[in-house]
Every structure is written in structure tokens, then in C-alpha cells.
1. Name the single residue that is farthest from residue 101 (Cα to Cα) among those in the range 191-204 being in a strand (DSSP E or B), open to solvent by 30 Å² or more (accessible area, probe 1.4 Å) and not aromatic (Phe, Trp, Tyr).
2. Out of all the residues in the range 62-77, which are under 20 Å from residue 129 (Cβ atoms) and open to solvent by 20 Å² or more (accessible area, probe 1.4 Å)?
3. Looking only at the range 42-70, which residues are closer than 30 Å to residue 161 by Cα and aliphatic (A, V, I, L, M)?
4. Just checking, which of 83, 93, 27, 39 is out of contact with any Gly (no Cβ under 9 Å at 6 or more places or on another chain), within 30 Å of residue 166 (Cβ to Cβ) and of a type in the set (Ser, Thr, Tyr)?
5. Mind checking which residues of the range 8-34 are hydrophobic (A, V, I, L, M, F, W, C), part of a strand (DSSP E or B) and at pLDDT 95 or above?
6. Cβ-Cβ below 8 Å, separation at least six or inter-chain, first residue in the range 1-25 and hydrophobic (A, V, I, L, M, F, W, C), second surrounded by fewer than 14 Cβ atoms within 10 Å (Cβ to Cβ) and in a strand (DSSP E or B): which pairs?
7. Just wondering, is there one or more residues in the range 25-40 that are exposed (fewer than 14 other Cβ atoms within 10 Å of the Cβ) and either basic (Lys, Arg) or within 26 Å of residue 97 (Cα to Cα) (or both)?
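The values are calculated or read from the model by the stated rules, or taken from the named source; none is laboratory data. As the structure is a computational prediction, the values presented were derived from the model and not from experiment. For neighbour counting, all protein chains shown are included, and Cβ atoms are generated from backbone atoms with ideal geometry for every residue, glycine included. For accessibility, only protein heavy atoms count, side chains too; no ligands or nucleic acids. Shrake-Rupley method; radii C 1.70, N 1.55, O 1.52, S 1.80 Å.
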Amino acid sequence: TWKSSSTSVASITTSGLSTAKNVGNTTISASFGGVSNSTPLTVNAANLNSISIQPLNASIAQGTRIQLVAIGTFNDGGTRDITHSVNWLSSDTTIATVGSLNGLAFGVASGLATVTASLGSATDSAPLNVTSAKIVSISLTPALATMPVSGHAHLIATGLFDDSSTQDISMSSAWTSTNTAIATVGSSSGTYGQVTGVGAGATNVNAMFSYAGA
């Protein structure tokens with residue numbers, strides 16, 4: 001459970017994403033099962049100088065997703081992740097789309113698109129290559145996960161494609177648990193592959209990906 005001691009300075013979501021509201025100081029705390037810890041967070045008045053998109057030259061298979069990240073450089077010399085603050089845009093949505101507020105890109109069809117991130121007068125662009133590769137197999141890691149009841153584990157699905165490339169396809173796969181009374185698994189934005197322990201016991205977690213007839 002995440003909390004901010006001063007939500008007028010900075011808020012924080014259930015997944016630990018903090019958003020600056022006003023200049024000042026607050027304390028962010030996290031608690032689970034009677035155990036807690038906290039850390040100070042300072043919001044300053046630094047101004048944004050430039051933006052850089054990461055990864056710089058991304059390449060993904062058709063039907064898959066990639067999380068693009070915007071790093072802002074400020075006039076105090078600091079750098080910060082501003083992915084959820086910039087406005088994202090794709091030059092060709094028939095090749096790739098991108099979430100305007102979150103930078104999550106999707107490969108629609110093979111080709112080359114340009115992705116742009118902007119905030120105020122600062123902007124940056126990066127190429128995004130979508131290949132025609134088709135899925136061959138999927139592997140999950142870790143192969144065996146153990147967690148307490150109400151605890152969480154994050155599984156990663158790695159796809160092997162017919163051009164011999166590999167890619168994290170966790171956000172592009174459909175996730176299921178064979179026994180939801182033991183554990184559930186997320187299959188939506190922000191929860192892909194996140195397993196939650198419901199009751200003591202064992203279950204199997206599955207990931208499935210299909211696109212372009214494969």
C-alpha cells in the first residue's frame with residue numbers, strides 16, 4: 001500500500017507511480033503485511049530543457065508492444081523520467097500506434113514509423129521499425145515462482161520469432177491461471193504477467209500470443 005504524506009506536493013498510485021503537484025517536500029511510504037518503509041521526495045521548480053526517447057532505434061515484431069521512455073533533462077542538471085507527462089505521436093498509425101499519454105507503442109504492420117515525444121517547447125523523435133516476423137515459441141521466466149498469499153510475482157514472456165529474433169512479449173500476450181483460487185494473473189495494461197497469490201497451493205500460469213496467422 002503506497003501513501004504520500006502530502007498529496008498537495010505529490011500523489012502516488014497503487015503501483016508506485018508518483019506525480020509532482022507543487023514545489024515542496026513529502027514522504028512516500030510503502031507497507032505490506034505489517035511491515036513498512038518510507039523515503040523523502042522533493043519537488044523542485046526546475047525547468048525542462050530537452051527530451052530524449054529510449055530506446056533510440058527500437059525494432060519490434062508485428063503484433064507486439066514496446067514501452068518507450070521519455071527522459072527529460074532539466075536546467076538544474078538533473079534528469080527525470082517524464083514518460084507519462086509528454087505527448088506521444090506516431091508519424092504513421094498504419095505501421096505503429098503509440099499511446100498519447102503513456103508511450104506504449106504497438107506494431108501494426110511491417111514498416112518504419114517515427115515516434116515523437118513533446119512537452120512545451122521541448123521535443124524529440126526516434127525511429128520505430130516494425131518487422132514482419134511471426135511467432136515461433138514462447139518461454140516464461142521464472143520457470144517456477146513462489147510467493148506468499150497476497151504477495152506478487154512478475155513473470156516475463158519472451159517470444160522467439162521466425163527471423164531468429166527474441167523479444168519481451170509480456171505486454172502482448174494473453175495471460176491465464178489454471179486455478180484462480182490459488183493465484184490470478186494480470187492480462188491488461190499495467191498488470192501483464194503480474195501474479196497475485198490468493199490461497200496456498202500450486203497453479204500453472206500460461207501466456208499465449210497470436211498475430212498475422214501465427
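1. Top of the filtered list is 196.
2. Answer for the range 62-77, where residues must be under 20 Å from residue 129 (Cβ atoms) and open to solvent by 20 Å² or more (accessible area, probe 1.4 Å): 62, 65, 66, 67, 69.
3. 53, 56, 58, 60, 61, 66, 68, 69, 70
4. Result of the check over 83, 93, 27, 39: 93.
5. 10, 12, 28, 30 - these are the residues of the range 8-34 that are hydrophobic (A, V, I, L, M, F, W, C), part of a strand (DSSP E or B) and at pLDDT 95 or above.
6. Within 8 Å, the pairs are 9/25; 10/19; 12/19.
7. The answer is no, given that none of the residues of the range 25-40 is exposed (fewer than 14 other Cβ atoms within 10 Å of the Cβ) and either basic (Lys, Arg) or within 26 Å of residue 97 (Cα to Cα) (or both).
So that you can scan it fast, the table gives a plain yes or no per residue for (1) over 15 Å from residue 70 (Cβ atoms); (2) free of Cβ contacts under 8 Å to residues at least 40 places away in the same chain:
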site: 88; (1), (2): no, yes
site: 92; (1), (2): yes, yes
site: 96; (1), (2): yes, yes
site: 101; (1), (2): no, yes
site: 109; (1), (2): yes, no
site: 117; (1), (2): no, no
site: 122; (1), (2): no, no
site: 125; (1), (2): no, no
site: 128; (1), (2): no, no
